[in-house]
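Here's the structure we're looking at; comments come further down.
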Amino acid sequence: MNLINKLLILFCLSTVMLTSCEKDEVRTIAEEGQSGSLTSSASTINLTKEKLDEKVLEFNYTESSFGYNAGITYSLQFAKKGTNFSPAREVVFANGVTSRSYTGMELNNLLSAMNLPFESNSDIEVRLKSSISPNIAVYSNVVNINSKPIPLTSWIYIPGDYQAWNPATADSLISLTGNGIYTGIINFPAKDSGFKITTGKNWNVNFGDGGNGTISPTGGNFMSPSAGTLLLTMDMNSNTFTIEATGIWGMIGNAVPNSNWSVDADMKFINDGKGNWVLTTNLIPGEFKFRKGHDWGTDLGGSNGTLTLGGGNIQVTEAGNYTVTMNPTDLTFTMVKN
């Protein structure tokens with residue numbers, strides 16, 4: 001037998017052995033995964049504002065096994081009862097940690113983020129997920145808890161280039177239900193305007209851009225992708241964010257100084273959950289309308305505090321300084337002379 005034939009035989013034998021080993025390894029993982037067990041410290045939790053800083057619930061688990069020393073990622077999955085965990089809210093355990101406790105605030109944020117009703121208790125199912133890859137996981141027994149979120153309005157603040165980096169005077173983003181997801185509209189004067197998040201009107205706790213759409217306590221400045229009004233959504237549960245363009249509303253007409261039906265006086269969106277746009281400005285006798293995005297594609301007019309799409313011009317009969325408030329959702333407006 002010549003040398004070439006010997007090498008070919010050796011190569012074929014090696015390939016068969018490697019293929020066999022690979023198949024055996026996959027079969028062992030898939031068949032021998034055994035989940036640990038999950039327990040909870042309570043089954044019914046009555047959340048109140050007085051309990052927000054207290055520990056109200058704790059989960060503990062025993063470790064899972066896949067038949068060999070595998071790197072296992074553990075997480076809790078939460079879902080409304082009867083949904084078969086689709087969709088599920090997932091919370092990952094830190095390495096080596098076998099318990100997870102929740103304060104009233106943390107649990108309230110979780111339940112609110114699941115869009116559970118405030119009016120009545122819901123049955124929630126919780127299970128332990130143990131995974132060694134995106135496609136290989138085992139699941140524990142299901143633990144049942146019964147609770148409901150309580151509505152909490154909370155704010156975070158956005159100091160940045162647009163207002164000289166002063167948290168005390170920065171625009172805010174609002175979470176109407178206290179579910180940890182904050183939204184609001186801010187007008188940035190230029191592209192790449194820097195800003196950060198603070199939890200109060202000071203620099204005691206602040207967050208920046210962690211890269212790839214994430215929020216980090218050690219991140220650098222967020223940067224506005226463009227100039228103009230932008231809708232910011234900050235999810236402090238998953239530490240992610242989005243920034244989207246949104247149209248600004250303004251006032252235009254011969255009652256608005258320096259407008260003359262060709263230049264808009266931009267209004268400011270108030271991030272209080274009511275959806276109002278406000279402008280304090282001087283007005284002279286004449287007429288004006290509201291329009292979106294400096295364009296006549298969407299304009300509102302009317303009288304007696306009521307607006308309609310494409311409605312008539314709004315009358316100003318007396319000169320003075322006014323605070324004008326407009327709500328494009330409710331189609332209402334007010335003019336208060338200062």
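Every read-out reported here was derived from the displayed coordinates using simple, explicitly stated rules and does not represent laboratory data. Please read these numbers as outputs of a predicted model, since none were measured by experiment. Here the Cβ positions follow ideal geometry from the backbone for every residue, glycine too, while neighbour counts run over all protein chains shown.
With Kirkwood's inverse mean 1/r over C-alpha pairs for Rh, give me the Rg to Rh ratio of the stretch 38-147, two decimals please.
Values: Rg = 14.4 Å, Rh = 14.7 Å.
Ratio of gyration radius to Kirkwood radius: 0.98.
Spin-label model, S303/T323: points 7 Å from Cα along the beta carbon direction are separated by 2.7 nm.
Per-residue extension of 0.36 nm, minus the Cα-Cα distance of A94 and S43, leaves a gain of 16.0 nm for this segment.
Put a dot 7 Å past the Cα of S238, heading toward its Cβ, do the same for M223, and the two dots end up 2.5 nm apart. Note that the chain carries a Kirkwood radius of 24.7 Å, evaluated over its alpha carbons pair by pair. Under 26 Å of direct C-alpha separation, and excluding same-chain neighbours fewer than eight residues apart, K148 reaches these lysines: K49, K51, K55, K80, K81, K129, K274. Between K274 and D53, the FRET efficiency estimated from the beta carbon spacing at R0 = 25 angstrom works out to 0.30. Mean residue ellipticity at 222 nm, helices only, the chain: -4000 deg cm²/dmol; runs of at least 4 DSSP H residues each add -39,500 (n - 2.57), and the sum is divided by the number of residues. Model label sites at N144 and D161, defined 7 Å from Cα along the beta-carbon direction, differ in position by 5.6 nm. Evaluated at q = 0.11, 0.16, 0.23, 0.24 Å⁻¹, a Debye calculation over the C-alpha positions of the stretch 217-319 (equal weights, vacuum) places log10 I(q)/I(0) at -0.44, -0.77, -1.30, -1.38. Using alpha carbons only, the radius of gyration of the stretch 154-245 set against its Kirkwood radius gives Rg/Rh = 0.92. One decimal place: the segment N254-T334 gains 27.0 nm when fully extended, by the rule 0.36 nm per residue minus the C-alpha distance. Can you give me the angle between helix 3-32 and the longest principal axis of the chain, using Cα atoms only, in degrees from 0 to 90, rounded to the nearest 10? Taking the Cα atoms of the chain, the angle to 3-32 is about 60 degrees. By the rule of a C-alpha distance below 17 Å, with chain neighbours fewer than 8 residues away ignored, the lysines paired with K289 are K268.
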